[in-house]
């Protein structure tokens with residue numbers, strides 16, 4: 001049945017296409033300033049209804065970062081996006097600031113959990129004035145041909161090792177700094193442990209883990225409890241579908257983005273319903289600014305991607321069912337991952353008080369597991385009053401979290417510089 005479900009979803013989307021086109025035309029007609037109905041209460045209600053219908057039945061494409069400029073010391077500086085590393089399931093984007101400054105390199109490892117890397121637009125924007133920023137831009141699995149092979153958690157870790165080695169060459173100062181948001185916390189700390197165990201000189205200078213599921217036995221959330229209760233066999237039976245024609249990945253087994261989005265929406269259904277009702281009222285009242293904020297948020301939130309089934313199921317088992325990393329039994333390509341091997345890399349963990357995805361304590365667990373990192377190179381920060389999204393975006397992230405991360409990275413670089421002079 002799952003092999004056909006994706007096709008049924010596609011057929012349903014196509015079935016409402018005529019109604020969506022009619023609704024879009026009605027919206028255009030009723031928003032025309034030359035139309036007398038535009039200025040009536042009835043006209044505004046109909047235009048708002050048409051827009052909401054069109055948005056609720058639309059398929060949202062991959063958004064753009066749209067960060068053409070930043071400010072460095074209050075001076076506008078142009079930013080050019082460049083792809084500097086690419087493989088079938090990921091590419092690395094460099095936000096190349098058109099300046100001669102030699103700031104530290106920061107690799108932001110975006111989550112591969114349903115949304116695109118552009119969900120971290122605000123994260124990138126906050127760090128651009130102070131760092132050379134790079135980000136992992138993961139591939140939508142339905143666009144990856146079967147010839148590219150499968151992609152699992154081991155491949156993810158291999159990718160991170162290769163990326164860090166690539167970016168670590170000629171990195172200024174102490175080397176490359178990394179930041180993992182949510183899901184990447186586990187593969188990032190695993191990749192770092194592998195590199196340090198090998199005495200790789202290009203292992204990262206620091207890693208900042210934000211709202212990540214290092215140990216989901218601590219303060220388990222509804223998401224954690226569901227995964228623990230069901231197990232990977234249940235998810236394979238009910239959540240894995242086959243990509244239909246005409247996508248390039250036709251025949252690939254995936255966890256579809258539309259299922260992931262359904263789960264996201266169901267967790268806070270009342271809030272999403274109220275948000276759309278508020279947008280309707282804003283449109284009727286002519287509050288364009290509030291309506292635009294709603295559009296911007298949901299244009300990003302409703303844009304989702306498919307995950308390769310091998311990666312999804314291995315992550316469910318390793319992270320959420322077996323708790324392999326905190327139990328010290330996680331393996332990569334058959335080799336045990338030893339977090340005690342991490343000695344040189346600095347570690348900062350960040351959590352949100354109201355996080356309903358990764359509960360308080362789950363990310364902090366990394367501090368207890370990395371026993372050989374000196375205390376001077378460790379830092380934990382709990383941000384009060386924010387949920388999961390607020391850990392890496394929003395006003396409190398910009399004013400309180402990002403500056404602390406910047407200071408932590410500077411302290412790591414300073415310690416490394418002093419150590420190098422002594423040696």
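None of the figures in this text is laboratory data; all of them are computed from the coordinates on show. Keep in mind that this is a model prediction, so the values were computed, not measured. Positions of Cβ are generated from backbone atoms using ideal geometry, with glycine treated the same way; all protein chains shown enter the neighbour counts.
What's the extension gain from residue 45 to residue 371 if we count 0.36 nm per residue and subtract their Cα-Cα distance?
111.3 nm
Hey, what angle do you get for helix 269-285 against the long axis of the chain, alpha-carbon based, 0 to 90 degrees rounded to 10?
50 degrees
Express as a percent, rounded to the nearest 5, the fraction of DSSP beta bridges in the chain (both residues included) that run antiparallel.
50 percent
Please report how far the C-alpha centroid of the range 308-334 lies from that of the range 339-361, rounded to the nearest whole angstrom.
Cα centroid to Cα centroid, the span is 18 Å.
Among 11, 46, 330, 348, what is the fewest-to-most ranking by other Cβ atoms within 10 Å?
11, 46, 330, 348
Which angle from 0 to 90°, rounded to the nearest 10, does the C-alpha axis of helix 222-239 make with the longest principal axis of the chain?
Its long axis makes an angle of about 70 degrees.
By how many nm would the segment from residue 64 to residue 35 grow when fully extended, if each residue of separation counts as 0.36 nm and the alpha-carbon distance is taken off?
Gain in length upon complete extension: 7.1 nm.
What is the list of residues in the range 206-234 whose amide nitrogen lies under 12 Å from a point 7 angstrom out from the Cα of residue 382, following Cα to Cβ?
Only 219 pass the distance filter.
In nm², what is the average projected area of the convex hull enclosing the Cα atoms of the range 214-259?
About 4.3 nm², averaged over all directions.
Rg and Dmax of the range 281-409, Cα atoms, in Å?
19.2, 61
Round to the nearest 10 and give me the degree value, 0 to 90, for the angle of helix 153-168's Cα axis relative to the longest principal axis of the chain.
70 degrees
Pick from 388, 39, 332 the residue whose mean-square fluctuation is largest in a GNM of the chain, springs joining Cα atoms under 10 Å.
39
Across all directions of projection, what mean area in square nanometres is found for the Cα convex hull of the range 56-187?
Its Cα hull, projected and averaged over all orientations, spans 9.5 nm².
Would you mind checking the range 37-76 for residues with the amide N under 19 Å from a putative spin-label position 7 Å along Cα→C-beta of residue 16?
Hits in the range 37-76 for residue 16 at 19 Å: 46-62.
Where does the range 1-103 land on Rg(C-alpha)/(2.2 N^0.38 Å)?
Scaled against compact globular proteins, the figure is 1.73.
Which value, in Å to one decimal place, does the Kirkwood hydrodynamic radius take for the range 103-262 when every pair of different Cα atoms is included?
It is 17.4 Å.
Apply 1/(1 + (r/R0)^6) to the Cβ-Cβ distance of residue 289 and residue 354, taking R0 = 25 Å, and write down the FRET efficiency to the nearest 0.05.
Rounded to the nearest 0.05, the efficiency is 0.40.
Sort 355, 152, 289 by Cβ crowding within 10 Å, fewest neighbours at the top.
Fewest-to-most ranking of 355, 152, 289: 289, 152, 355.
What is the Å³ per residue value for the convex hull set by the Cα atoms of the range 142-181?
Hull volume normalised by residue count: 110 Å³.
Please find, in a Gaussian network model of the chain (springs between Cα atoms separated by less than 10 Å), the residue of 257, 180, 231 whose mean-square fluctuation is greatest.
It is 231.
By counting other Cβ atoms within 10 Å of each Cβ, how are 72, 405, 93 ranked from fewest to most?
The most exposed by this proxy come first: 72, 93, 405.
Using only Cα atoms, locate the centre of the range 154-177 and the centre of the range 214-250, then give the distance between them in Å, rounded to an integer.
29 Å
Would you mind calculating the gained length between residue 28 and residue 296 on full extension (0.36 nm times residue separation, minus the Cα-Cα distance), in nm to one decimal?
Here the segment from residue 28 to residue 296 would lengthen by 94.5 nm.
Which percent of Cα-Cα pairs in the chain sits in each 10 Å bin, short to long?
Cα pair-distance distribution for the chain, in percent: 4, 20, 30, 25, 14, 5, 1, 0.
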